[in-house]
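Taking it in order: structure first as structure tokens, then the write-up.
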């Protein structure tokens, strides 16, 4: 596994480009977000997506969210109502995963039974620069150990995942709280998981 340490606010572009090249080749990488470290690949790389299911020991029925670069990008991959747009504009970028009706551009393997998808726009320079340079969304699923516990120490993550992924972008220890999950696919928003993001707007 290639391993690079990046500045969290001003990430070195040469390392971002190495990760982008790996993603374009169908590689699987680990990268920091504003909540936890994520395991990801280009959402349009079927073989890499299958590898992530294997790495996470999840069946193909497990649903992963994916990261977009901004609100405009989200509109390509999900159907966004006016109210959903206003909510996301207020909260993004930030530690939230929003459940939205899937657009046809998204591979059906990432759809739920309700034809929805989970989308993130993290408030982290490394993540956003990575997606911007790639030009496609990337899968987002947390780095966990065999007990399902979230890993926040990049050295521990490196030791565990070294033989399983192709490249890691490290940016120090992260907080370890998962994103807050908000379902915006229906008339009224529903908080499905309380995590790092403030939910007072929905109470």
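The values are calculated or read from the model by the stated rules, or taken from the named source; none is laboratory data. None of the values given here were measured: they were computed from a predicted structure. So basically every Cβ, Gly included, is an ideal-geometry build from the backbone, and we count neighbours across all protein chains shown.
The table below lists the values:
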read-out: Residue in region 178-187 that is touching a strand residue (DSSP E or B) at 6+ places or on another chain (Cβ under 9 Å) and under 28 Å from residue 17 (Cβ atoms) present; value: yes
read-out: Failed criterion for residue 156 (all others in (1) closer than 25 Å to residue 42 by Cβ; (2) surrounded by fewer than 20 Cβ atoms within 10 Å (Cβ to Cβ) hold); value: (1)
read-out: From 49, 23, residue being within 25 Å of residue 163 (Cβ to Cβ), modelled with pLDDT under 95 and crowded, with 16+ Cβ neighbours inside 10 Å; value: 49
read-out: Filter result (in a loop (DSSP other than H, G, I, E, B) and either closer than 26 Å to residue 25 by Cα or touching a strand residue (DSSP E or B) at 6+ places or on another chain (Cβ under 6 Å) (or both)) within region 133-155; value: 135, 136, 137, 143
read-out: Every residue from region 169-195 that is out of contact with any helix residue (DSSP H, G or I) (no Cβ under 6 Å at 6 or more places or on another chain) and outside any loop (DSSP other than H, G, I, E, B); value: 180, 181, 182, 183, 190, 192, 193
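The rows are residues; the columns are (1) farther than 21 Å from residue 51 by Cβ; (2) over 13 Å from the mean Cα position of the chain (by Cα); (3) outside any loop (DSSP other than H, G, I, E, B).
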site	(1), (2), (3)
89	yes, yes, yes
93	yes, no, no
98	yes, no, yes
104	yes, yes, no
113	yes, yes, no
118	no, no, yes
131	no, no, yes
